[in-house]
Amino acid sequence: MLFDYCRAGFALIHSQGHMKSPRNLNSALPPVAFLAFLLICWQIAASRQAFPILPGPVEVLGGIADLVRHGLLLKYVVASLFRVTWGFVSAAVLAIPMGLTIGWYRRSEMAVNPILQVLRPISPLAWIPLAILWFGVGDLSAMFLIFMGCFFPLLLTAIGAVQSTPDVYIEAGRNFGLSPAAFVYRVLYPAVVPKLIIGLRITLGIAWLVVVAAEMIAVNSGLGFLIVDARNAGNRYDLVVAGMVIIGIIGLLLDLGMRSLERVKSFRWGYSEA
Amino acid sequence: MGVVTTPPAIGTKLSVDHVHVVFKRDGKTISVLEDINLEVRSGEFICIVGPSGCGKSTLLNTMAGFLAPTSGSVNIDGEAVRGPDPRRILVFQERGVFPWLTVEENIGFGLFRLPRAERDQRIARYVELVRLQGFEKAYPSDLSGGMRQRVQVARALAVNPDVLFLDEPFGALDSITRLLMRGELLRIWEAERNTVIFVTHDIDEAVQLADRVVVMSSRPARIDRVTTIDIPHPRNISSPRYLELRDAIYEQIGLAYTL
Amino acid sequence: MNSLAEPKKWERFFWPVLATAALFALWHFAVVWTATKVFPSPLDVEKGIAQLLRKNILWMDIADSLRRVAFGFGAAAFLGIPIGLMLGWYPAANRVVNPAIQLVRPISPIAWIPVSIIFFGIGDKAAIFLIFLSAFFPILVACVHGVVTVPSIFRRAGMNFGLTPFQILQKVVFPAVVPEIIMGLRIALGIAWLVVVAAEMIAVDSGLGYLVIDSRNSGKRYDLVVAAMLMIGAIGLALDLVFRRLGKLKSVRWGFRDAS
């Protein structure tokens, strides 16, 4: 607290002072104005096209309304979320325990690391042919792709989380003579949870990216499918962009949701270390 | 205690005149420094002590020009202090050294206006002064905490400042290193005879180093007392006079000195 | 971590080699035992790679993919770094622009594909545009964050020694930010490498991504599919290692606390 007074004071002379702006309507105005400005530019650019291909914001809103009227918006959103949930959760349920175990036993990490490093950069989309081979075209394929997109990041996050647990915690746990089960429950798990949550948030974002791609190629419902289908069956670019906008908004909401999970008190302690 | 009249006394390097510092935060007004008056002579070594909190550092930052006083003024060589200036360099408690530069690049940081030959010469001189020969090309991450502080001091001295401000420079070091660093600082000071203003919360440190010790109260900080340490260097830290002066300060602050 | 003894030096090679060999063996026997007619065994894949090399297809595809990444990533860095540094340096500008960035950022690059096809048609330019989009935001965000978190102590020291604001930017802020920029570049490159494969599957007709899809479509050559996948993995890893190397340079290493 006292140091904050010092910092506030330094801001007086510090020309690049990061002074706190008042959190009221005044400070919401400039960014909103900027967004409005961008939207207006977009609208003008769209209406001045030689061939009306790219829709303006007004048309896009119309497209969204269209989807709502036909009951498709909810259906597609739910379909996409459904696949993401299954792929993401199954990846988490497998990758996290595996990762924690591998991270714990140094030799296993040494053994497996090169394999992981080679498999990690392979885009989940590169798995499409194999997915179709094993699961055919459909929901399962899409979920498999999402699983592949989430598995390696989560595995590596879990390994990293265990390895970066401060030694002092481990030694304290040993010092107090905890049984292995108690040790995992009372020392290891609380220690890794903050980092795991960050990893889960980032991986959820990846999952959301992959589902769109997976749906473009391998299934026939969902937001990704919407984008491809709207274009193929009639050049409805207003629906295409409407789909993009909705994807963006849901992606943002998922991210914000996970961030608020990070703020839950019992997880927050992890940030004083980071 | 120095009370200021308009023409500064001869030999005065730095004078603090009726300085008040008030912070406004979230609508509340906090008075951090209240009516500080101080005169520092050229070549003097002053220590400012006080309980842990923000007053001492705030005063130091005001004197160095990083903070504008709410009222009153700080004058160096008769000229008002209006901002940070290479004539008065501040040495921070830790992490002040630039980690991406080597030792010699750090020390030469303020010398960018000099021709290359002269710069190299100065760097070599100050490397030697702080006894870091052999480490010129090392990076701060390779050095110990005490060595990094020595780099900071060398960097500060290399630009020949009029006044050297040190903000608890040894606070992050272990007690043995601290003792060694105090000796080093005195040795360097005696070679260069800059005016030094040194903030610490360690009363022993203050009595060991300073010509005069300025004792500050807790917030809102005022100068409670200025004690002259009349023991010549090298000081015997077990001598009766040393203990007498030190205990007087303990008492002033209200600390018991038996445990 | 929990090894009872410190692993010896030779173990650093022994265990990975053992695990990889075991994996290959498992793969091979799985193919043999299930008597699958389609899925390739490791030997099939090896032959596939040799075949691609002989026909020069592999080199051309690798070159195409790398070229697109180079252009897209290069453009993203060229624009993203200065803009990010500016936004970090002027918090007022950042406050205005940031919400717009936060809204556009989560839109999957793949969702941009139809739009990019409108603008650029099917071909190289569309792919490069997608790579640019996917790399731009991580670089931007890393730069802004880097500038904003430069410890004020460095800026104060810069002012103390009489540097002009521009000199402070040049001699203090920029070097302080470089580790974070490198980290952002490394992450962005990883993303770019993922996206190029996606872009090539949909919007162009050359490159490693295209090779993966095409090998299946024209002849169910799954040996080539897997070969292409492994190539993608290997090159992606190589690219990542380049940036890790960069992060180990002495003048930058201080910024990576665990120097991984």
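Relative contact order of region B:94-160: 51 percent, from C-alpha pairs under 8 Å at least 6 residues apart in sequence. GNM on chain A, alpha-carbon springs under 10 angstrom: the most fluctuating residue among A:167, A:255, A:139 is A:167. Angle of helix B:116-129 to the longest C-alpha principal axis of chain B, folded into 0 to 90 degrees and rounded to 10: 60°.
What separates the Cα centres of region A:130-192 and region C:16-94 is a distance of 24 Å.
Restriction of the trypsin sites (Lys or Arg not before Pro) in region A:39-146 to DSSP coil positions whose beta-carbon has at most 12 other beta-carbons within 10 angstrom yields A:48. For residue A:75, the aspartates and glutamates whose Cα falls under 18 Å of its own Cα, not counting residues fewer than eight places away in the same chain, are A:66, A:139, A:215, A:229. By other beta-carbon atoms within 10 Å, ranking B:238, C:116 with the fewest at the front produces B:238, C:116.
Do the alpha carbons of any pairs in B:137/C:171; B:13/B:56; C:171/C:248; B:24/B:56; A:195/C:250; C:9/C:250 sit beyond 23 Å of each other, and which pairs? Don't skip to the end; give the middle numbers.
Numbers: B:137/C:171 18 Å; B:13/B:56 19 Å; C:171/C:248 21 Å; B:24/B:56 18 Å; A:195/C:250 28 Å; C:9/C:250 25 Å.
Long pairs (Cα-Cα over 23 Å): A:195/C:250; C:9/C:250.
When chain A is treated as a Gaussian network with alpha carbon springs shorter than 10 Å, the biggest mean-square fluctuation among A:178, A:130, A:81 belongs to A:178. When a/c reaches 1.5 or more, the comparison of a/b and b/c decides; with that in mind, is chain A rounded, prolate or oblate per its Cα gyration tensor? It comes out oblate by the Cα gyration axes. Each of B:176, C:182, C:153 was scored by other Cβ atoms within 10 Å of its Cβ. Listed from fewest to most, they are B:176, C:153, C:182. Cβ crowding within 10 Å, taken as a proxy for footprinting-reagent exposure, orders C:164, B:70, A:85 from fewest neighbours to most as C:164, A:85, B:70. Computed from backbone phi with θ = phi - 60° and the Karplus coefficients 6.51, -1.76 and 1.60, the 3J(HN,Hα) list for region A:195-206 is 5, 4, 5, 4, x, 4, 5, 5, 5, 4, x, 5 Hz; x is used for glycine and proline.
What chymotrypsin sites (Phe, Trp or Tyr not before Pro) does region A:170-271 have in DSSP loop regions with at most 15 other beta carbons within 10 Å?
Loop-located and lightly packed - A:176.
Once the convex hull of all Cα atoms in the protein assembly as shown is built, its volume per residue stands at 220 Å³.
In order along region C:116-128, phi translates into HN-Hα couplings of 5, 5, 4, 6, 10, x, 6, x, 3, 4, 4, 4, 5 Hz, rounded to whole numbers, per the Karplus curve 6.51 cos²θ - 1.76 cosθ + 1.60 with θ = phi - 60° and x for Gly and Pro. Annotation: amide H-H contacts under 5 Å for residue B:41 (H modelled 1.01 Å from N, sequence separation of 5 or more, or interchain): B:13.
Between the C-alpha center of region B:78-108 and that of region C:204-260 there is a gap of 45 Å. Amide hydrogen proximity for residue B:166: with H placed 1.01 Å from N in the peptide plane, the residues at 5 or more positions away or on another chain lying under 5 Å are B:91, B:197, B:198, B:199.
Just want to confirm a number: the relative contact order over chain A, from Cα pairs under 8 angstrom separated by 6+ residues, in percent. Don't skip to the end; give the middle numbers.
Details: 265 pairs, mean separation 60.3, N = 274.
With pairs under 8 Å counted, the relative contact order is 22 percent.
Per-residue Karplus couplings for region C:46-63, computed as 6.51 cos²θ - 1.76 cosθ + 1.60 with θ equal to phi - 60°, are listed in order as 4, 5, x, 4, 4, 4, 5, 5, 4, 7, 6, 5, 4, 4, 5, 5, 4, 4 Hz, Gly and Pro entered as x. In this structure the amide hydrogen of residue B:33, modeled in the peptide plane, comes within under 5 Å of the amide hydrogens of B:21, B:221, none closer than 5 places in sequence on its chain.
Across the alpha-carbon atoms of region A:142-191, the computed radius of gyration and Dmax are 14.9, 48 angstrom. Taking all Cα pairs closer than 8 Å and separated by 6 or more residues, the relative contact order of chain C comes to 23 percent.
Read the figures in this text as sums done on the coordinates, not as results from a lab. If you're wondering where the values come from, they're calculated on a predicted model, not measured in any experiment. Cβ: placed from backbone, ideal geometry, glycine included. Neighbour counts: every protein chain shown.
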